[in-house]
1. In the chain, what % of DSSP beta bridges are antiparallel (nearest 5)?
2. Would you list, by chain and number, the aspartates and glutamates whose Cα falls below 19 Å from the Cα of Lys390, excluding same-chain residues fewer than 8 positions away?
3. Give, in nm to one decimal, the length gained when the segment between Glu371 and Thr408 is fully stretched (0.36 nm per residue of separation minus the Cα-Cα distance).
4. May I ask you to give the percent of accessible area on the chain that is carbon plus sulfur, with a probe radius of 1.4 Å?
5. Quick one: order Ser363, Ser200 from most to least accessible surface, probe 1.4 Å.
6. Which whole-number percentage describes the relative contact order of the chain, with Cα contacts under 8 Å and a sequence gap of 6 or more?
7. How much length, in nm to one decimal, is gained on full extension between Lys514 and Ala398, taken as 0.36 nm per residue of separation minus their Cα-Cα distance?
8. Would you mind counting up the charge near Ala189? Only other residues with Cβ under 14 Å from its Cβ, with Lys and Arg at +1 and Asp and Glu at -1.
Amino acid sequence: MKIKYIATLFSSVLVAIVLTGCGQSSASSDKNRPLTVTLSGEPATADPAQTTDVNSSTIVSQTMQGLYTLSSSGKVVSSVAKQVVKPTDGGKRYVFNLRKTKWSNGQEVTAKDFVAGFQRAVNPKTKSQRLANYKFIKNFKAVSTGKAPVSKFGVKALSKYRFEIQLPAPVPYFNYLLTDYYPINQSAAKKFGSSYGTSSDKLVTNGPYKLIGWNGTSTSFKLKRNPNYNIRKVRISTVNVKVEKDSSTALNLFKANKVQITQLTGQLVKANANNSSLKTTKILRNAYLEFNSKSKTTNNTNLHKAISYALDREQLTKSVLQDGSVAAWSMVPQGDATNPTTGEDFAKEVGNKLKVNTKAAKSYWKKAQSELGKKQISVQLLTGDDDASKQVGEYMQAVVKKELPGLTLTLKAVPQAQHIQMGSDKNYEINLDGWSTGLYDPADFLQMAEYGNALSFSNWKDATYQKLISQINDTTKYSEKQRYDLMIKADKYLMQQQGIVPLYQVAQSNLVDKRLGGISFTALSGIQYQYAYWKS
């Protein structure tokens, strides 16, 4: 879960590197030369406990290391933990022996730092956006709601380099979660308090890189190799980062030998389809609409259904986005999981529940008008200010005007950090949002409609759905197949109720210079610069 590893979901990760582009010659043969990369939006934070957007997650993944991490091919491998361990006590107890590593300030990384990191994340005073990530650890509910002290949370330092996690029930995908739990430097956390991670000078890291020159709103900064990082060899010492929201500008930088990796969107993907440097990957990320349940208008189920059935998702992906993204069929994207008995893809087993149906859309719209007592209704759609988000908003605006007469959709595009905050504060009517997962399990997407989940910005509440989520999370009572069937049932029910309205499964298209090695794109993991190197 890496990940809202949310929020303006289209604001994607990555970007760009100096020198050779499109097969042109390098300005230098020095393999130690820096990369110059660009993000397609501003990072909202560098604090791992608050990271929910893709760009912030990219920065955290370069600067922090947990017990485990993902390999360049997206597999779970050991990091600060010496090895990937097998749990004991029926899958409920994990004990890790830690490597001797250091923080960027030279202090040792200890088991107590992991305890502090976990406790800080679930402490209600922290107001962590990542709170739901820890829900499977012992005493989570009592601690996260302030009913029990953080000392009761199910983590413990057994010795200086030995760390324990206790679960109330086994979690089949817990190894993936362990790539997303981070320690915290205790002296830095105490010194900076709530401002921790709001700028590079209020941050201490233990990962491959240090963050340099970022003040919280900077549009250019650096990642410098952390001299105290000793887990893996880091071959590129400096990564220059620049925020570049305009895909056309990023493409021009690539052509001018000023970037090596740049993400393309929309028609630029189609225009570069024959370019051998273009790499397109369908990722485990769904874009969707959230409806603010605090508003009588947007809490109307028939309004949700009217808008959903009016949208032609095939047209949206193929004619508007044109970037390789595909129409969503349900809340869970294709490739996320397979039936443990038959091997069938989860999304295909659920089926396409989101086909366009303008006749049904008009019928639901009339019902919504009747229930709300209004013929003319205006609602605002909140989006990010990146190209893809704005394109989706404009498409929706046109469809609503044509198919649902009397409904006016106004658009509000804001920068990523503001978008996340407005979503979290429920300061919107309809929100164009999304989720990237860090694990192969449908529950990570289904939780986005779970009432009480910090990442569920709609605050949609449905007793039947809540019961299904509770059953899915009860891994002691239900077998793997039973749990899988419950997730199928939950996805189908969510699509029937349209508590959240999925739009499309995101594809990322990146131009990658051929002289750069170690860069790979998987359905699960974003780019990690620690694996990158210059081939020539």
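The values are calculated or read from the model by the stated rules, or taken from the named source; none is laboratory data. As the structure is a prediction and not an experimental result, all values here were calculated from the model. Positions of Cβ are generated from backbone atoms using ideal geometry, with glycine treated the same way; all protein chains shown enter the neighbour counts. Accessible surface is based on the protein model in full, side chains and every heavy atom, while ligands, DNA and RNA are left aside. Shrake-Rupley method; radii C 1.70, N 1.55, O 1.52, S 1.80 Å.
1. Numbers: 50 of 65 bridges.
So the antiparallel bridges in the chain amount to around 75 percent.
2. Filter leaves Glu42, Asp53, Glu244, Asp246, Glu290, Asp312, Glu314, Asp323, Glu429, Asp433.
3. Values: separation 37, 0.36 × 37 = 13.32 nm, distance 1.73 nm.
Stretched fully, the Glu371-Thr408 segment lengthens by 11.6 nm.
4. Values: 9690 of 20660 Å².
Summing carbon and sulfur atoms, their accessible area is 47 percent of the total for the chain.
5. Values: Ser363 55, Ser200 25 Å².
Per-residue accessible area, sorted high to low, gives Ser363, Ser200.
6. Reported relative contact order: 23 percent.
7. Details: separation 116, 0.36 × 116 = 41.76 nm, distance 4.06 nm.
Length difference between fully extended and current span is 37.7 nm.
8. On the way: positive: Lys112, Arg120, Lys125, Lys190, Lys191, Lys202; negative: Asp47, Asp113.
Local net charge: +4.
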